[in-house]
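Before any comments, here is the structure.
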Amino acid sequence: MGAGASVQADQIAMPAPPPAPWPIWLIAAWAYAAALAGWLVIAGAPGEQLLNVLRLPVFAGPALAAFAAGQARSGRDRLGWRQVGLAWSLSAAAGLVWLAAGSGTVNLATRIADDVLYNAYYPFMVAGLLLLARLPAGPGARLRLVVDAVVVVVATLALAWYFLLRNVPPGELGRHAKDLLTNLLGETLVLLCAALALHRPVRTGDEPEPGLRLLALGAFAATVADLTSAGARLTSSTAQSAVSEVALVAAAALTTTAALLPGRPRRLLGQTTDLLVRMVAHLPYLAVLAVAALILRELPATGTGGSPLPVLAVALVVLSGLAILRAAVAQRDAEAEAEARAAQDERLRQGRKLEVMGELAAAVSHDFANLLTAMSGSAADLRERVPDAPEVGEIQQLVQRGSELCRGLTKFARRTEPQGAADLLTVTEAVAPLLRRLLPAGYSLTVAGSPGAARAVADPAQVEVALVNLLVNARDAMPRGGVVEISVDAPELPEPGRSGQPRRRRWARLTVRDTGVGMDAATLARCIEPFFTTKPIERGTGLGLATVNGIALGAGGRLDIQSAPGEGTRVSLLLPLADRPTGPGA
């Protein structure tokens, strides 16, 4: 075959590998777990050698499933599941050593199995859970997560002490202090990390991952198994030994299911998983109730020696404080979330109004442009008939200015970013004749500023649109006449919305001030809302200041409005400064 055939063969898509027979794995894992747990409950714990044989599938099953889960994932999740697989693999290796050594044999190999291989479960499991966990965003949510994790640890250790260790003589505890401390430290770390994984948040739009929560529950079951096993060794209790083995089997089954379940149909667990997830939110309160119930149980035996009430009382106080803290943080976060949702709804509402306003501006500018085209043609015919009439030239200039305003409205409707720069004073002086015609007798207009002092990143036509709207608003605010002052400068102002020491920035500022009636606080708060107006229906549409605000935001600037009843209004259009003139009107 030639090279061309080789390239063509490389482009052929390889068939996807067949999916792993995960339903068979799950059925086999739960069938073995149920059979072994039933046997342990009915017949009690078997001999040590037989128990070591029966434990091998319990350790090997979760290890193989976790490695398979890691192979199917990427990034942190892949590494996390591999750590979980290593944790269970080391436990399986310890089981093999115990099986090879024989019943009751204590030698170097069994000590390594006990002290190294079996205890290595803790760091690998902690690493795996931390890699699989995701901290939520926001300090409040993270504080709730930490509180829930601490509640799990305190409640588990308190209950383990009550049920397993409170009746063990102090001398016996002293002889096994090293093993107990190692177990308690390892189990505490695993419990903390399992709580983090249990509360793992999900991205918006994703379904909660029940497999990860099952892994956390499996870690809890493994902790119960280890603590119960420690109690059984101290008290030589066959009942506790059987409970320990049943808890270990349950932990293995939950871990195997967790490794195989993510990405699979949720109907395998259905409402049971959802119920467990909902119970997690009430975990602090359930822990408080459990410890309080034990205290009530022990109250009749208060006078006897060795009462567990002091330890339980301390645990109850700690858990109650954590539950109160969690409730307070949850309430604060709920209020903040409600405020954020209301603000988002308001922004969406205002955005919709601006969108409608843009559509209206596009339609109006289109129709008005058609009228101006007809007026331009009529003015040209009139110029041919009366070439020396100065009024005809003035009409043509006004028509041209009106066409530029239409183009500015069209750009506003399309939300196009401004191109080039505009000298605000030059634009103001160019449109001043049109502005003066909008003012009847009894009104005066003044323009102040230095040429080139305020060169802004803005479209000159849109600046003209803003000036016309601001002047009309100022005129309507002075029913008995008055003065409209337009000033142009480039002040240095603080950035809005900054905390602490604000960062200052220079702006190109166009200010329109009137001596009208002014606005009260309620009107000032809503004056830039589209379609909000205090004018009669035949005089106002509520689009003037909204249009100017849209122009400011589109250019990367803002609108600053100051007003008080009886003191007039000052509206400042703040636009970014341009380095140098690069466009029309500059």
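The values are calculated or read from the model by the stated rules, or taken from the named source; none is laboratory data. For clarity, every value in this text was computed on a predicted model and none was experimentally measured. Here Cβ is always computed from backbone atoms with ideal geometry, including for glycine, and neighbour counts include all displayed protein chains.
For the residues G85, G70, G104, G95, the requirement of being at pLDDT below 85, crowded, with 17+ Cβ neighbours inside 10 Å and assigned by TED's automatic domain parsing to the domain that holds L212 singles out G95.
Checked across the range 349-358, the condition of being at pLDDT 70 or above and assigned to a helix (DSSP H, G or I) holds for at least one residue. Residues in the range 370-384: is at least one surrounded by 12 or more Cβ atoms within 10 Å (Cβ to Cβ), at pLDDT below 75 and closer than 19 Å to A555 by Cα? No, that holds for no residue. Is it the case, given these coordinates, that R55 is out of contact with any Leu (no Cβ under 7 Å at 6 or more places or on another chain) and not in a helix (DSSP H, G or I)? Here the answer is no, as R55 does not meet what is asked.
Applying the selection to the range 43-62, what residues are farther than 19 Å from R233 by Cα and modelled with pLDDT of 75 or more?
Hits for the range 43-62 are V53, L54, L56, P57, V58, F59, A60, G61, P62.
Taking first residues from the range 323-347 that are under 26 Å from A155 (Cα atoms) and partners that are surrounded by 12 or more Cβ atoms within 10 Å (Cβ to Cβ) and of a type in the set (K, R), the Cβ contacts under 8 Å between residues at least 6 apart in sequence or on separate chains come to R326/R144; V329/R144; A330/R144; D333/R144. Suppose the filter is modelled with pLDDT of 75 or more and more than 27 Å from the chain's Cα centre (by Cα); does L192 pass it? Taking the combined requirement at face value, the residue does not satisfy it. Reported count of residues in the range 431-475, each being at pLDDT below 90, assigned to a helix (DSSP H, G or I) and within 20 Å of L577 (Cβ to Cβ), is 6.
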